[in-house]
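The values are calculated or read from the model by the stated rules, or taken from the named source; none is laboratory data. Here the structure is a predicted model, which means the values were calculated and not measured. Here the Cβ positions follow ideal geometry from the backbone for every residue, glycine too, while neighbour counts run over all protein chains shown.
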Amino acid sequence: MSPLPPSTMNAALDEELRALDMAGLKRSLRQVHQRRAGTVRLNDERVADFASNDYLGLAADPRVADAARAVLQTEGTGAAAARLISGNHPLHESLEYALARLKGCDRTLLFPSGYMVNVGAIPALADRGDVIYSDALNHASLIDGCRLSHATVRVFPHNDLAALEQMLERERHQYRRALIVVEGVFSMDGDCCPLDQLVPIARRHQAWTYVDDAHGTGVLGATGAGSLEHFGVSGQIDVVVGTLGKALGTAGAYVGGSRELVEFLVTRARSFIFTTGSPPAMAAATLEALRIAQSEGWRREAVRERARHVRTRLREAGFTPTGDDDSHIVPLVVGDPARTMAMVTDLHHRGFLVGGVRPPTVPAGTSRLRLSMSAVHPLELVDALATTLIERLHGS
Ligand SMILES: *Cc1c(COP(=O)(O)O)cnc(C)c1O
């Protein structure tokens, strides 16, 4: 036998990694732990955390952890099977019921993550011969869901509903089903899709609406139900998606809508069918997080107040963050990816952890800092972030 030839993989990957590094696009992991009161430990230092999506400050709430602990003790760690086999715990259904009440829809269905909702539900709803209209700034999981669907995908300019309606007028008749896919609050721009305007357009053209409300859930609306409540369209959106790992501080996600929708997805969404049910203790934790989010409305006010403060200070200093005025996501476009990441590192040295967002997460030329606010950030810390950021922006 001739000797086994060497694998060529490592050399090939190394070449690609070098090119990515040169372009400022190589990504790497950092260790973050001991989350408390809007701060975390990063390496060995405590820094203010403006990079996480813990909008209501529930990710480290001891009451949420206690709820999980109680169920861990009696029910163990894992669901042990897919929910359709033997992994459907009563707590999964209690949580689905609570989420349906929050969202004002008939039913919801839990998934282990928001990414999995989108790569499962979109392909279940649209297939060859159908068309999906997708906002240009949709999250990667929505883009991947569209790609997996085999439907024709048409991208419309960000939040340009007039352009969307023109596309529907011109081409809707060529397809069987049409699905319009948007985010409630766009995660990288911090602005909202005007859902009250979207619904009539969709209905006029017999298109279905799919709203990923990952960032609105728990934060927007009078009761924290999210973007649908904020725009007064609860019950009018065909498919609504929410994540539990952001404002609610736990993990997992859900899709909500009619009984028919949920029954259909249970049978047709592959990322629901072929995956282990999420840990029952996580459902218990989320039920407690929901209870706190609803009974402590001050958290929603506090996160908005902090966002308004940073935006006002930045604007007074001559900088223009993107997004809606009281949006809890405050993006500042820098442009160049390497410069963006240099600013992230520099802010870290000054005690602030902020997000640096580069392509392909955002379009080329729009690399940005992403500041996300939390109800538990002390106001002085928010003000100190604004001061440091303004100094750094003036200095570069
Ligand atoms: C975070 C996010 C997701 C993914 O949710 P996970 O539960 O973290 O997988 C999906 N869609 C949008 C818009 C998001 O921001």
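Looking at the stretch 120-148, which of the residues that are assigned to a loop (DSSP other than H, G, I, E, B) and within 12 Å of the ligand (Cβ to nearest atom) is farthest from the chain's Cα centre (by Cα)? First the steps, then the outcome.
The first filter runs over the stretch 120-148 and keeps only residues assigned to a loop (DSSP other than H, G, I, E, B), leaving 126-130, 136-139.
Remaining after also requiring within 12 Å of the ligand (Cβ to nearest atom): 137-139.
On the way: L137: 12, N138: 10, H139: 8 Å.
That would be L137.
What are the pairs, 6+ residues apart or on separate chains, where a residue within the stretch 227-238 that is on the phi > 0 side of the Ramachandran plot has its Cβ under 8 Å from a residue that is part of a loop (DSSP other than H, G, I, E, B) and surrounded by fewer than 20 Cβ atoms within 10 Å (Cβ to Cβ)?
G235/G104
Give the residues of the stretch 201-228 that are within 16 Å of the ligand (Cβ to nearest atom) and part of a loop (DSSP other than H, G, I, E, B), sorted by residue number.
If the condition is that a residue be within 16 Å of the ligand (Cβ to nearest atom) and part of a loop (DSSP other than H, G, I, E, B), then D213, A214, H215, G216, T217, G218, V219, L220, G226 are the ones that fit.
Here are L142, L56: which of them is at pLDDT 95 or above and out of contact with any strand residue (DSSP E or B) (no Cβ under 7 Å at 6 or more places or on another chain)?
L56
Where residues in the stretch 254-282 are part of a strand (DSSP E or B) and more than 12 Å from the ligand (Cβ to nearest atom), which of them is surrounded by the fewest Cβ atoms within 10 Å (Cβ to Cβ)?
T276
Might you check whether a residue that is at pLDDT below 95, within 16 Å of the ligand (Cβ to nearest atom), of a type in the set (A, V, I, L, M) and outside any helix (DSSP H, G or I) occurs anywhere in the stretch 30-47?
yes
Out of A285, A302, A251, A293, which single residue is part of a helix (DSSP H, G or I), within 16 Å of the ligand (Cβ to nearest atom) and closer than 30 Å to L381 by Cα?
After applying the criteria, what remains is A285.
Any residue in the stretch 83-94 that is under 23 Å from H215 (Cβ atoms) and either modelled with pLDDT under 95 or in the same structural domain as V233 (by TED's automatic domain parsing) (or both)? If you could, list the steps in order and put the result at the bottom.
So the first thing to find is which residues in the stretch 83-94 are under 23 Å from H215 (Cβ atoms), and the list is none.
No: zero hits.
If M373 satisfies all but one of (1) surrounded by fewer than 22 Cβ atoms within 10 Å (Cβ to Cβ); (2) touching a residue at least 60 places away in the same chain (Cβ under 8 Å), what's the number of the condition it fails?
(1)
Residue by residue through the stretch 244-268, note down the ones that are more than 18 Å from T209 (Cβ to Cβ) and out of contact with any Leu (no Cβ under 7 Å at 6 or more places or on another chain).
Correct list: L244, G245, K246, E263, T267, R268.
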